[in-house]
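The values are calculated or read from the model by the stated rules, or taken from the named source; none is laboratory data. If you're wondering where the values come from, they're calculated on a predicted model, not measured in any experiment. Please note: Cβ atoms are built from the backbone with ideal geometry, for glycine as well, and neighbour counts cover all protein chains shown. Heavy atoms of the whole protein, side chains included, go into the accessibility calculation; ligands, DNA and RNA do not. Shrake-Rupley method; radii C 1.70, N 1.55, O 1.52, S 1.80 Å.
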Amino acid sequence: MKTIKLTREHIYKGNLILVNANYPIVENIANKNISLIPFDIRYPDILMEYRAATVLSHLVSDLNGSDDIVPVSGYRPLREQEQIYTESLRENGEEFTKKYVALPNHSEHQTGLAIDLAKRQDDIDFICPEFPYHGIYNEFRKEIPRYGFIERYQKEKEDITGISHEPWHFRYVGYPHSQIIYEMGICLEEYIEEIKKYSLDSKGLVVERDKQKIEIFYVPILNSKEQMTVFLPDNSLYQISGNNVDGCIITLWRE
Ligand SMILES: [Zn+2]
């Protein structure tokens, strides 16, 4: 058995952290030591977390989409999110800004795991870029669950996410979570709740993909405890991510 020690800090970092109006990013924990690279070297200023960027560039090149799909906005430090929010308030007013721009520290863009993408054209709107539901753009949408990405703000989920429909905003959560979220037709808020049904003491959520058995568990990290000890099988690959709410999600690739 492998022994893993989880502390409260683990709640606030990882691919599955939920960042929204209720759960702010914990700066300097979520993005501490984050390594950022451009997903498309023609746009060196638009950065993403290393793994998310790498997977996304594979996806776009597998689709032959690099001439059509343009990155608009990736990682944003706190100060940039503050600027965007203030400028949008001034230029677009309060109603529009509340719909489309997250408050500073409540934006997924501060995690490095989110990107806004646009259809290539002369005039690209920075806040609401066009990313159509047809052609190569929809091919892209169909492929993303296999690459660890989700379309984060869907029309039917506006009441839950608190953000208006954003066809251009994509979020890396990692595979197989992206595939499960897609197949269940839920949003990240709902997925974080769903996973709470699966604890380490009972049974995990089991998915079988390409003859691989993957098991997903939720581990609550209680306020009263400084540290939680978790035991995992010896020869297993695993990933740990916080949910940014109250615990961690463990993904275990069984032998
Ligand atoms: Zn966005």
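Could you tell me whether any residue of the range 67-74 is away from the ligand (no atom under 11 Å from the Cβ) and assigned to a loop (DSSP other than H, G, I, E, B)? Yes: the range 67-74 contains one or more residues that are away from the ligand (no atom under 11 Å from the Cβ) and assigned to a loop (DSSP other than H, G, I, E, B). Between 56, 78, the distinction of being within 15 Å of the ligand (Cβ to nearest atom) and open to solvent by less than 60 Å² (accessible area, probe 1.4 Å) belongs to 56 only.
Scanning for something assigned to a helix (DSSP H, G or I), modelled with pLDDT of 95 or more and open to solvent by 60 Å² or more (accessible area, probe 1.4 Å), does the range 27-45 turn up at least one residue? No, every residue in the range 27-45 fails to be assigned to a helix (DSSP H, G or I), modelled with pLDDT of 95 or more and open to solvent by 60 Å² or more (accessible area, probe 1.4 Å). Restricting attention to the range 128-143, the residues that are within 16 Å of the ligand (Cβ to nearest atom) and touching an Asp or Glu at 6+ places or on another chain (Cβ under 7 Å) total 2. Number of residues in the range 89-105 that are within 16 Å of the ligand (Cβ to nearest atom) and open to solvent by less than 80 Å² (accessible area, probe 1.4 Å): the value is 8.
Here's the yes/no breakdown for (1) surrounded by 13 or more Cβ atoms within 10 Å (Cβ to Cβ); (2) among the basic types (Lys, Arg); (3) touching a helix residue (DSSP H, G or I) at 6+ places or on another chain (Cβ under 8 Å); (4) modelled with pLDDT under 90:
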| site | (1), (2), (3), (4) |
| --- | --- |
| 155 | no, yes, no, no |
| 163 | yes, no, yes, no |
| 170 | yes, no, yes, no |
| 197 | no, yes, no, no |
| 212 | no, no, no, yes |
| 221 | yes, no, yes, no |
| 225 | no, yes, no, yes |
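Given the condition touching a residue at least 60 places away in the same chain (Cβ under 8 Å) and among the aliphatic types (A, V, I, L, M), answer yes or no: does some residue in the range 38-45 qualify? Scanning the range 38-45 turns up no residue that is touching a residue at least 60 places away in the same chain (Cβ under 8 Å) and among the aliphatic types (A, V, I, L, M).
Residues are listed down the side, and each one gets a yes or a no for (1) in a helix (DSSP H, G or I); (2) among the basic types (Lys, Arg); (3) open to solvent by less than 50 Å² (accessible area, probe 1.4 Å); (4) touching a helix residue (DSSP H, G or I) at 6+ places or on another chain (Cβ under 9 Å):
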residue	(1), (2), (3), (4)
183	yes, no, no, yes
194	yes, no, yes, yes
201	no, no, no, no
234	no, no, no, no
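Here is a check on your reading of the model: is residue 21 assigned to a loop (DSSP other than H, G, I, E, B), of a type in the set (A, V, I, L, M) and surrounded by fewer than 17 Cβ atoms within 10 Å (Cβ to Cβ)? When the stated conditions are applied, residue 21 passes them.
Could you check, for the range 66-73, whether at least one of its residues is under 17 Å from residue 129 (Cα atoms), in contact (Cβ under 8 Å) with a residue 60 or more places away in the chain and open to solvent by less than 50 Å² (accessible area, probe 1.4 Å)? Yes, the range 66-73 has at least one match.
Give me a count of the residues in the range 106-149 that are in a strand (DSSP E or B), open to solvent by less than 10 Å² (accessible area, probe 1.4 Å) and not aromatic (Phe, Trp, Tyr).
5
Residues in the range 160-179 that are of a type outside the set (S, T, N, Q), within 16 Å of the ligand (Cβ to nearest atom) and assigned to a loop (DSSP other than H, G, I, E, B): 162, 163, 165, 173. Against the conditions (1) within 15 Å of the ligand (Cβ to nearest atom); (2) free of Cβ contacts under 8 Å to residues at least 12 places away in the same chain; (3) under 22 Å from residue 53 (Cβ atoms), residue 125 satisfies every one except (3).
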